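As C-alpha cells, the structure follows; a few thoughts come after it.
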Amino acid sequence: MEQATIHKLATLARLALSPELEQRLAADLSELLGLVSELQRVDVNGVLPMAHPHDAIAPLRPDVPEVIDHSPALERLAPDMSQGLYRVPKVIE
C-alpha cells in the first residue's frame, strides 16, 4: 500500500500521523495484504466449512424461570428504608 493512500485515509479519518508513522503503516498494511493474497491462493476444494474446530456441543440447562428475592440483601445496603421502600432525599421542591 502506498504512503499517499495512508495519508489520504488518515486525512479522511481526521488523524494526524507523522510521515514516519504513515510510512510504517504503509509497509505493515502491504505485508498484511500480501498474507491475505497468499491465503487466497490456497486450494480449499473439498474442505468443508466449519464454525468451530471442535465438534463439542455445549450442555444446555432447562429454561425454567427462577425468582430470586434479593430484597433483604439490598435493604441491608440501603441507608434509609420505610415499609419496604427506599427513602431518598427530596430533590425537587
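The values are calculated or read from the model by the stated rules, or taken from the named source; none is laboratory data. Only a predicted model underlies this, so the values are computations on that prediction, with no experimental measurement involved. In this analysis, Cβ positions are derived from the backbone assuming ideal geometry, glycine residues included, and neighbour counts consider all displayed protein chains.
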Inset, instruction - Go through (1) at pLDDT below 90; (2) on the phi > 0 side of the Ramachandran plot one by one and return the number of the condition residue 46 breaks. - result: (1)
Inset, instruction - Tell me, yes or no, whether region 3-20 has at least one residue that is touching a helix residue (DSSP H, G or I) at 6+ places or on another chain (Cβ under 6 Å) and in contact (Cβ under 8 Å) with a residue 24 or more places away in the chain. - result: no
